[in-house]
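J.: There's a structure below that I have some questions on.
The values are calculated or read from the model by the stated rules, or taken from the named source; none is laboratory data. Note that the structure is predicted; figures quoted are calculated from it, not measured. In this analysis, Cβ positions are derived from the backbone assuming ideal geometry, glycine residues included, and neighbour counts consider all displayed protein chains. All accessible areas refer to the heavy atoms of the entire protein, side chains included, with ligands and DNA or RNA removed. Shrake-Rupley method; radii C 1.70, N 1.55, O 1.52, S 1.80 Å.
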Amino acid sequence: MSSRHVVLSGACITLAAATLLGLAHGPAASTGTGSSTSSTAQNLESEGYERVLRQRRNGTFTKAGWNHYGPGYFELDEQTGVLTSHGGMGLLWYSVREYGDFILELDFMTEVENANAGIFLRVPGPPSSDDYIYHSWEIQIDDASEGIHHTGAVYDAEAPTTLASKEPGTWNHFTISFVGDHITVELNGRSEE
């Protein structure tokens, strides 16, 4: 069975409030985040979600359990739990456990309209080269592209049915469900299935 890691990749992207719910074939997981979203994360935890961005006893956040590949990197604001990418392409993945079926909830913000980033799903093991992009699924974040490369698309597979992303500098919310071989993407409350 291939690995089912949660991974984040991108340039000019900020992430917050990522939460993951394991379904019938996988354990639960989720991340906590900054001030305005921490109560949301706590509410999701009561529904079976688990934080994948851990909070220490003193309330600060840590990237413990996360690994990185590539020249770009994600900086963590330990006070708010917000991850910000820097330096180009880089892959940040959660290595504590593998997931089968799941629901991933996360907030993201781009700094520029031509940001090109994504959420990679079911990456087959820890990456040792950029080859992971050909053996996993990516939910695209790229408002400058169209069709199967636009924000909310399952990259190279399925275009979003609606264009629901918000302008740069504004938080967006993804709910991504991956059950069996079926991916459902909801962006800002609108289904991209």
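J.: Amide H to amide H under 5 Å from Arg97: which residues, 5+ apart in sequence or cross-chain, H placed 1.01 Å off N in plane?
T.: none
J.: What is the local net charge at Gly70, summed over the other residues whose Cβ is closer than 13 Å to its Cβ (Lys, Arg +1; Asp, Glu -1)?
T.: So the surrounding residues net to -2.
J.: Residue farthest toward the positive end of the dipole of segment 135-181, with Cβ of Lys/Arg at +1 and Asp/Glu at -1: which of Val154, Trp171, Ile139?
T.: Result: Trp171.
J.: Let me ask you something else. Just report the Cα centroid separation between segment 141-161 and segment 162-189, whole Å.
T.: The two parts, judged by their Cα centres, are 11 Å apart.
J.: Residues of segment 82-124 with the amide nitrogen closer than 18 Å to a label point 7 Å from the Cα of Asp181, along Cα-to-Cβ, please.
T.: 100-102, 121-124
J.: Taking the mean number of other Cβ atoms within 10 Å as a proxy for protection, how do you rank 126-134, 157-165 from highest to lowest?
T.: Descending mean neighbour count gives 157-165, 126-134.
J.: Follow-up question, since we're still on this one. Pull out a ≥ b ≥ c, the square roots of the eigenvalues of the alpha-carbon gyration tensor of segment 37-193, then state rounded if a/c is under 1.5, prolate if not and a/b is larger than b/c, and oblate in the remaining case.
T.: Rounded shape, in that the Cα axes give a/c under 1.5.
J.: Let me ask you something else. Accessible area per residue, 1.4 Å probe, Å², for segment 141-193: what's the number?
T.: 50 Å²
J.: Expressed as a whole percent, how much of the Cα-Cα distance distribution for segment 115-193 exceeds 17 Å?
T.: Result for the distance tail: 43 percent.
J.: OK, next. Check Asn116: other-chain or 5+ apart residues with amide H under 5 Å from its amide H, H built from backbone geometry?
T.: Answer set, sorted by chain and number: Ala11.
J.: Whole-Hz ³J(HN,Hα) for each residue in segment 101-110, computed from phi via Karplus 6.51 cos²θ - 1.76 cosθ + 1.60 with θ = phi - 60°, x for glycine and proline: what do you get?
T.: Calculated HN-Hα couplings, in order: 6, 7, 10, 10, 10, 7, 10, 9, 9, 9 Hz.
J.: Express the carbon and sulfur contribution to the solvent-accessible surface of segment 107-193 as a percent, rounded to the nearest whole number, probe 1.4 angstrom.
T.: 47 percent
J.: Let me ask you something else. Which whole-Hz ³J(HN,Hα) couplings does segment 79-86 yield from phi under the Karplus relation 6.51 cos²θ - 1.76 cosθ + 1.60, θ = phi - 60°, glycine and proline marked x?
T.: After applying 6.51 cos²θ - 1.76 cosθ + 1.60, I find 7, 9, x, 8, 9, 10, 7, 8 Hz.
J.: Based on Cβ point charges of +1 for Lys and Arg and -1 for Asp and Glu, what charge dipole magnitude is obtained for segment 99-193 about its Cα centre, in debye rounded to the nearest 20?
T.: 180 debye
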